[in-house]
Each structure stands twice: as structure tokens, then as C-alpha cells.
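Asks: Handing you this structure, nothing more for now.
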Amino acid sequence: AIARYRDRYYDQLLKTVAGSFGKRLREEMTATRQPFGAARQFLNQYLSKHRAGQLQQRNLALLFAEMGYDAASRQEAAKIPAVSVRLLSEILSLLSRARLLAERADLDQAAQLLPAIEGLLDRGIACGALADPWNILGFQALYPLFSSRQDAVHDPRIDELIDLVAGVFDLYALLQSEAAATGKNDLVAALKQPLKRRAAWWDRFASVEVGDVRHVLGSSERAGGKSPLYRTG
């Protein structure tokens, strides 16, 4: 229906163009089989090329972030107007930096990055840069193009959100296990309550109940006390 309305609009617009320019546009319509065909084809090609370039820059930004190259990641992310890329880049960079610090046995410094990571995660959800986690259960991780379910597509933003949350839980688990192994019981105790709060927040969205997404469970109570605090599947 939208395509028909669009073609009707272009037909009506073409009728308003007179003279030699109008004649050339009508000849062009015969050749391209649509009014303003050359202009529309050029616009579609330009948008496709522009979109491909943005995807390349986005993938590079996230790849650099996961590799720990913060400056290179921010440089690529800054080329894209969408704030979601910059937030993803920053969160992934912080996660990579925290894991690197943990590997170097600098557990306290790594733990200090957790509030910044979780703050960016919450801000991204609140401003719409990241997916609303209620869409996992509410829309079964689908993006509805129209009112009917069969016209919906899988929402990749949900996968990104789940991976970020899994990364946060992974970092908590890494820091707690390393702290326990090295006798830093004060750090283990300090991380316990923030982890429980984050797990309680996340488990409301029931990713473990939706079949087409990665299952991330934060709370052992949800699993009858038989599973670890963090589990994926």
C-alpha cells in the first residue's frame, strides 16, 4: 500500500513538470519504468553505500573495543551519529580494560570500573540507545514491522544487550573468583551485594524463558539454588 501511494505521488508530481525538462523526465520514466526512476535509483544506491560504510565503521569500533584499543574504537564510533555505537564502544572498552586489569592481578582497579560500566548500561537503556530489556519477554526478542507476528524480524539489539549483561556477570564472577583465590575476602564481600542487585534487576526480564535468545540467569534462587550465580545457555 505504501509503495502504491508513493508511486501515485510521483506520478502526480511528474504531471506538474512542463517544458523540455518534463519531456526528458517522461522519457526517463519509460526507460526506468517508474517516475523519477534515475533519481530514485541514485538515492537508493547512495543510501546503500552509506549504510554499508556505517556498518563497517560500527564493526571496527566494536572490534577495537573488544581488543582493548579504546582510542581507535572511539575514533571509529565518532564517525557515526548514532549514540548507540558510542555507548556500546565505551562499555566494551571498559569491560576489556577491567578483564586486562584482573589478569594482571589488579583486582581493586578492575572492580572500580564496574559502577561506570553498569552506569553506561543503565543510561543506554533509559535513553533508548540500547534495547528495552522488557522486549525480550514482551515481544519474544522480535522487532514488529507490522501488527501481525509473521511480519516481525529478530531484533539484533536484544542480542547485543544480552551479551553486555553477560559480560558484566562474567566480570563479577572473574573478580570474585580471583579475589577468593588470593585471599581478598573484603573484595569478595564488597562485590556480593552489587552483584545480587544486578542479578535481581536482570532476572525480571526472563531471558531464560525465551527460546530464540541466549539464556543468561543472574540469580541462583531462580534455579532452585542448584546453579551458580551466573549461568548462560
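The values are calculated or read from the model by the stated rules, or taken from the named source; none is laboratory data. This one's a predicted model, so the numbers in the text were calculated from it and none came from an experiment. Cβ sites come from the backbone with ideal geometry, for glycine too, and all protein chains shown count toward neighbours. Surface areas here come from the heavy atoms of the whole protein model, side chains and all, with no ligands, DNA or RNA. Shrake-Rupley method; radii C 1.70, N 1.55, O 1.52, S 1.80 Å.
Asks: Considering only the range 104-139, how many residues are out of contact with any Asp or Glu (no Cβ under 9 Å at 6 or more places or on another chain), open to solvent by 60 Å² or more (accessible area, probe 1.4 Å) and assigned to a helix (DSSP H, G or I)?
Replies: Adding up the residues that qualify gives 9.
Asks: Given the options L114, L137, name the one that is of a type outside the set (S, T, N, Q) and within 26 Å of V188 (Cβ to Cβ). Show your work before the answer.
Replies: Values: L137 fails: within 26 Å of V188 (Cβ to Cβ).
None of the other options fit; the residue is L114.
Asks: May I pose another question? For the range 72-93, enumerate the residues that are in a helix (DSSP H, G or I) and either among the acidic types (D, E) or surrounded by fewer than 21 Cβ atoms within 10 Å (Cβ to Cβ) (or both).
Replies: A72, R74, Q75, E76, V83, S84, R86, L87, E90
Asks: Considering every residue within the range 147-161, establish whether at least one is crowded, with 20+ Cβ neighbours inside 10 Å, hydrophobic (A, V, I, L, M, F, W, C), in a helix (DSSP H, G or I) and free of Cβ contacts under 8 Å to residues at least 40 places away in the same chain.
Replies: yes
Asks: From F205, F169, which residue is in a loop (DSSP other than H, G, I, E, B) and either at pLDDT below 95 or within 26 Å of E103 (Cβ to Cβ) (or both)?
Replies: Sole residue among the options that is in a loop (DSSP other than H, G, I, E, B) and either at pLDDT below 95 or within 26 Å of E103 (Cβ to Cβ) (or both): F205.
Asks: Okay, next question. Quick check on T32: is it more than 30 Å from C127 (Cβ to Cβ), of a type in the set (V, I, T), at pLDDT below 90 and touching a helix residue (DSSP H, G or I) at 6+ places or on another chain (Cβ under 8 Å)? Before you say what the answer is, go through the steps one by one.
Replies: Details: more than 30 Å from C127 (Cβ to Cβ): yes; of a type in the set (V, I, T): yes; at pLDDT below 90: yes; touching a helix residue (DSSP H, G or I) at 6+ places or on another chain (Cβ under 8 Å): yes.
Yes; evaluated as a whole, the condition is true for this residue.
Asks: Could you grab the pairs with beta carbons closer than 8 Å, sequence gap of 6+ or different chains, first residue in the range 181-198 and touching a residue at least 40 places away in the same chain (Cβ under 8 Å) and surrounded by 18 or more Cβ atoms within 10 Å (Cβ to Cβ), second one of a type in the set (F, W, Y) and part of a helix (DSSP H, G or I)?
Replies: The qualifying pairs are L191/Y172; R198/F169; R198/Y172.
Asks: Something else: Anything in the range 199-210 that is in contact with a Gly (Cβ under 6 Å, 6 or more places away or on another chain) and either of a type in the set (S, T, N, Q) or surrounded by fewer than 16 Cβ atoms within 10 Å (Cβ to Cβ) (or both)? List them, or say none. Steps first, please.
Replies: Pass one, the range 199-210, residues in contact with a Gly (Cβ under 6 Å, 6 or more places away or on another chain): 199, 202-203.
Across the range 199-210, there are no qualifying residues.
Asks: Here's a follow-up. Can you go through L63, L100 and tell me which one is assigned to a helix (DSSP H, G or I), touching a residue at least 12 places away in the same chain (Cβ under 8 Å) and open to solvent by 60 Å² or more (accessible area, probe 1.4 Å)?
Replies: Details: L63 fails: touching a residue at least 12 places away in the same chain (Cβ under 8 Å).
Result of the check over L63, L100: L100.
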